[in-house]
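Working notes, beginning with the structure itself.
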Amino acid sequence: MGKERSTERSEYLVLTATKQREADGAAERAGVARERLMEAAGSGAADWILERLGRPKTLVLVGPGGNGGDGLVLARRMAAAGAEVEALIAAPEERLSDLTRLMHERLVESGGRAKFMEEGIDPDRIPEGAELIVDSLFGTGMNRPLGGVYRDLVGAANASDASVVSLDLPSGLPSDSGAIIGEAVRADVTLAMEFLKPAHLLFPASSYCGDVAVVPIDYPEGALKRIDPFARVLTGSGARDLLPQRRPDGHKGTFGRLLVVAGSTGMSGAAILCCRGALCAGAGLVTLAVPESLLPIVEASLLEAVTIPLPEEDGHLAPNPLKRLAPALSRADAVAIGPGLSRGDGVKEAVASVLSSHHGPYVIDADAIAALADPDILSRIAGRAVLTPHPGELSGLIDLSTDEIDRDRVEVARRFAADNNIVLLLKGRPTVIAIPGGGLYLNPTGNTGLATGGSGDVLTGLIGGFLAGGAPLGDAALLGAYLHGLAAELYARDRSERSLTPSDLVDALPYAIREVERWS
């Protein structure tokens, strides 16, 4: 998603087509006519283009319904601002909705240019000369593949050299999923009208949307209170508000003590990366507990953490680490456990003992997740943990395959979090953060550079650092995911995302945090 700075929004709602209609109906009952909503949508989209793209020679492709009406308002507004604009209406006049017909009349009365699609016109020649194509053929109501002239126009827009801006949703995409059901516009920018839609965030549909920006429409205060959104999306402004405050007279104890239990032979890097992520989050004191044979490696590579050597068996945690861990567990404000631990019965037993011996918050990742297949252990951490699996790791805890989880990742995450009273951060595209009693969020930041071994260890450390600093479970998960993705984006601004390493990610984190701190 594109990042639009705003002093007003901490989050955006993600609505299905049905919920969008409910929101429009609620606004109408509150005295806001649909005509006014259409004028606001089209005018807001026009202003966005005029402010950022200037006055390009513009062709507006207009459909028969409300999305087409938005496009006609946009054409009128842009023409009034001096842009050369032509609206091409792809449906016969008698098929236009009443509001769309009204907006056509207003465009013509204002002196704007509009024409209806005629038989025999070659759709491939329609975009000739246009610098910008505005797609307002279909919005959230699409539920079947495009056909006929609409499919031809979409193909022509995709083949054109002009930039393409879609209003609300690229035509041809169903709004409520990530599915591709046929030919669809591949937009450079999608301007969502007040609310995001699932297709803006769920892959592969999201790849058709380009950069997504939200055009604000002032729905009446209170009109949305009864609307249950599909999900929410945190903004930079919202992330800023979640950052734990740092007292000017604070000290390392004030800013939190994090205990990290991580690492095994061949996986010392996971432990180091986790600690570096925690330090970037502002943890006052990070203590790293590792199998004792790893101590020389981690102490040479990580100068800022206190270390504890743990008993081991063949380079892995032995089942009885508590004797050496007990003092650190008693002092820790939070525990991060899992990165690089490896699997095995002894490791599971060690993890179970740690999870039973600390009464503060946990972030649990990677190999420690396997221990939660025991329902008794899972129940012990209810209300006190952030769990950060990828779909394969989550599959080991529930009766679903990885493919089944990916097909319905939002609902799967929602159910797991609610059933177990655990904050679930399900990694993937998009990352889903489900908070019991606090809603469900889709993370808008990140890129393919994060798809590399070690990047999840950095995320675990970030979340652990925020937990140690006093952030609530849900806030820590939201912040960690947002900043983790933002750091990857900042790195890729002048370098290739394919070259991003976890160490690069750690180096970019202070800049991501600073950007959020300065968000206005």
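Overview of results
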{"quantity": "Ratio Rg/Rh [Cα only; Rh per Kirkwood] for region 365-520", "calculated": "0.97"}
{"quantity": "Signed unit charges on C-beta, dipole axis of the chain, positive-most listed residue L173, P319, G139", "calculated": "P319"}
{"quantity": "Rg [Å, one decimal], Dmax [Å, integer] - region 210-249, C-alpha atoms", "calculated": "15.4, 45"}
{"quantity": "Cα-derived Rg over Rh, computed across region 91-155 with Rh taken as Kirkwood radius", "calculated": "0.96"}
{"quantity": "Projected area, mean over directions - region 430-506, Cα convex hull, nm²", "calculated": "4.9 nm²"}
{"quantity": "Relative counts (whole %) of C-alpha pair distances in region 422-473, using bins that are 5 Å wide", "calculated": "5, 17, 24, 28, 19, 7, 1"}
{"quantity": "Highest-first arrangement of 101-107, 461-467, where packing means the average Cβ count within 10 Å", "calculated": "461-467, 101-107"}
{"quantity": "q = 0.12, 0.16 Å⁻¹: log10 I(q)/I(0) that the Debye formula gives for region 241-306, counting C-alpha atoms only", "calculated": "-0.33, -0.54"}
{"quantity": "MRE, 222 nm, helices only [DSSP H, n ≥ 4, -39500 (n - 2.57), over the chain, to nearest 500]", "calculated": "-12000 deg cm²/dmol"}
{"quantity": "Over 33 Å [Cα-Cα, the chain], rounded percent", "calculated": "45 percent"}
{"quantity": "Cα-based helix-to-principal-axis angle, 345-355 vs the chain, degrees rounded to 10", "calculated": "80 degrees"}
{"quantity": "Angle in degrees between helix 322-331 and the longest Cα principal axis of the chain, rounded to the nearest 10", "calculated": "60 degrees"}
{"quantity": "N421 versus R21: modelled label distance in nm, points set 7 Å from Cα along the beta carbon direction", "calculated": "3.9 nm"}
{"quantity": "When the convex hull of its Cα atoms is projected in every direction, mean area for region 250-517 (nm²)", "calculated": "13.1 nm²"}
{"quantity": "Cβ crowding within 10 Å averaged over residues, with 420-430, 245-255, 502-512 ranked highest first", "calculated": "420-430, 502-512, 245-255"}
{"quantity": "Value in Å of the Kirkwood radius, where region 180-328 supplies the Cα pairs that are averaged", "calculated": "20.0 Å"}
{"quantity": "About the Cα centre, charge dipole magnitude for region 268-371 (Lys/Arg +1, Asp/Glu -1 at Cβ), debye", "calculated": "240 debye"}
{"quantity": "Relative contact order (%) - the chain, alpha-carbon pairs under 8 angstrom, separation at least six", "calculated": "13 percent"}
{"quantity": "Region 184-222 and region 82-140: distance between their alpha carbon centers, rounded to Å", "calculated": "22 Å"}
{"quantity": "Degrees separating the helix 66-80 axis from the principal Cα axis of the chain, which is the longest one", "calculated": "70 degrees"}
{"quantity": "Convex hull volume per residue for region 286-387, taking Cα atoms only, in Å³", "calculated": "90 Å³"}
{"quantity": "Computed over region 343-482: relative contact order in percent, which uses C-alpha pairs under 8 Å that are six or more apart", "calculated": "21 percent"}
{"quantity": "Lys, Arg +1 and Asp, Glu -1 on Cβ, resulting dipole of the chain about Cα centre, debye, nearest 20", "calculated": "1180 debye"}
{"quantity": "Sorted largest first, extent of region 11-234 alpha carbons per principal axis (Å)", "calculated": "48, 38, 35"}
{"quantity": "Burial order of peptide ranges 395-403, 50-58 (average beta-carbon count within 10 Å, highest first)", "calculated": "50-58, 395-403"}
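Quick note: the coordinates plus some simple rules give every number you see, no bench work behind them. The shown structure was predicted, so the numbers you read here are calculated from the model rather than taken from an experiment. Neighbour counts run over all protein chains shown; Cβ positions are idealised from the backbone, glycine included.
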